[in-house]
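Right, one structure below, let's go through it.
Nothing in this text is a laboratory measurement; each read-out follows from the coordinates by a stated rule. Quantities reported herein were computed from a predicted structural model and do not represent experimental measurements. Virtual Cβ from ideal backbone geometry, glycine too; neighbours counted across all protein chains shown.
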Amino acid sequence: MRAPMVAANWKMNGSRAICREFVEHFDVDGSVDVVFFPPFLYTSMLMEGFVSRSISVGVQDVCHVNSGAYTGEIGAEMAVDSGATYSLVGHSERRSLFGETDGLIAEKFTTCQQAGLTPVLCVGESREERLDGRAESVVAKQIGSILRTAGIKAFANAVIAYEPVWAIGTGETASPAQAQSMHAFIRAVLAKSDATTARNTRVLYGGSVKASNASELFAERDIDGGLVGGASLEFKEFTKICRAASH
Ligand code: PGA
């Protein structure tokens, strides 16, 4: 049985005032795992604020190595040392704006796991790739690169987020049927290596998730929750999305 999860990707947004609002008022029942991914600077404020609640805090990215002369970077071991438990890996904005390749993303995935951070591997196709009928092959390649480097067993301690690039920040959400079909495909890709891992791995949907579409997306068989960008900074909206994922 896969427990539902809702993750908040604040990207380069947020403030101490927004952190305070969540720390003081955010409350959902324990049937859904909630993870916040604020900018690095705000992670400790959320961790300290949520300490008595079962809410996790993660980082949006890590360097591919743990320490050294990498000005501006943050290592996975440091993230763990600071209390983080998850890291996003391979978000489409990292891939497209910062040139992250499948190879680098695989290194980051492994670095996270070695340090004790659970990677949330983001995969997804662009609009062009979908229109060309290549959505599945693109996603299979992104997952394949991790399978080759880390092996199927690594997915026992990882989460996958399917985020079609054309749905991120655009207000255009994949339909529940489109999302379900890709989630089932992702599970089939994993099942080629190991059926149990495929069954147990959580696969979240991301891309313009809102309170108004969360319930129908989360009702799909292979959708285990959401990775939420814009709507995760709005306290009431995000609370409703989390409630939509709880049983
Ligand atoms: P969005 O972003 O919900 O604003 O579309 C999702 C994401 O990029 O993780």
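Scan region 205-227 for residues that are outside any helix (DSSP H, G or I), within 12 Å of the ligand (Cβ to nearest atom), among the aliphatic types (A, V, I, L, M) and out of contact with any Cys (no Cβ under 9 Å at 6 or more places or on another chain) and report the count. Before the answer, list the steps.
Let us first name the residues in region 205-227 that are outside any helix (DSSP H, G or I), namely 205-210, 219-227.
After this cut, where a residue has to be within 12 Å of the ligand (Cβ to nearest atom) as well, the list is 205-210, 226-227.
Then keep just the ones that are among the aliphatic types (A, V, I, L, M); that gives 209, 227.
From what is left, the residues that are out of contact with any Cys (no Cβ under 9 Å at 6 or more places or on another chain) are 209.
Matching residues across region 205-227 total 1.
Residue-by-condition table, conditions (1) surrounded by fewer than 18 Cβ atoms within 10 Å (Cβ to Cβ); (2) more than 16 Å from the ligand (Cβ to nearest atom); (3) within 18 Å of the chain's Cα centre (by Cα); (4) without any contact (Cβ under 8 Å) to a residue 40 or more places away in the chain:
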{"site": "Val6", "(1), (2), (3), (4)": "no, no, yes, no"}
{"site": "Trp10", "(1), (2), (3), (4)": "no, no, yes, no"}
{"site": "His25", "(1), (2), (3), (4)": "yes, yes, no, no"}
{"site": "Ser44", "(1), (2), (3), (4)": "yes, yes, no, yes"}
{"site": "Gln60", "(1), (2), (3), (4)": "no, no, yes, no"}
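Would you confirm, using the coordinates I've provided, whether Gly169 is surrounded by fewer than 17 Cβ atoms within 10 Å (Cβ to Cβ) and among the small types (Gly, Ala, Ser)? Outline the logic, then answer.
Details: surrounded by fewer than 17 Cβ atoms within 10 Å (Cβ to Cβ): yes; among the small types (Gly, Ala, Ser): yes.
When the stated conditions are applied, Gly169 passes them.
Scan region 116-137 for residues that are over 18 Å from the mean Cα position of the chain (by Cα) and away from the ligand (no atom under 16 Å from the Cβ) and report the count. Matching residues across region 116-137 total 9.
Is there a residue in region 70-89 that is surrounded by fewer than 22 Cβ atoms within 10 Å (Cβ to Cβ) and in contact with an Asp or Glu (Cβ under 7 Å, 6 or more places away or on another chain)?
In the first step, residues of region 70-89 are kept if they are surrounded by fewer than 22 Cβ atoms within 10 Å (Cβ to Cβ); the result is 70-75, 77-78, 80-83, 85.
From what's left, in contact with an Asp or Glu (Cβ under 7 Å, 6 or more places away or on another chain): none.
Looking through region 70-89, none of the residues is surrounded by fewer than 22 Cβ atoms within 10 Å (Cβ to Cβ) and in contact with an Asp or Glu (Cβ under 7 Å, 6 or more places away or on another chain).
Yes or no, residue by residue, for (1) touching a strand residue (DSSP E or B) at 6+ places or on another chain (Cβ under 7 Å); (2) over 23 Å from Met5 (Cβ atoms):
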residue: Thr101; (1), (2): no, yes
residue: Thr110; (1), (2): no, no
residue: Gln114; (1), (2): no, no
residue: Thr118; (1), (2): yes, no
residue: Cys122; (1), (2): yes, no
residue: Arg127; (1), (2): no, yes
residue: Gly133; (1), (2): no, yes
residue: Gly144; (1), (2): no, yes
residue: Lys153; (1), (2): no, no
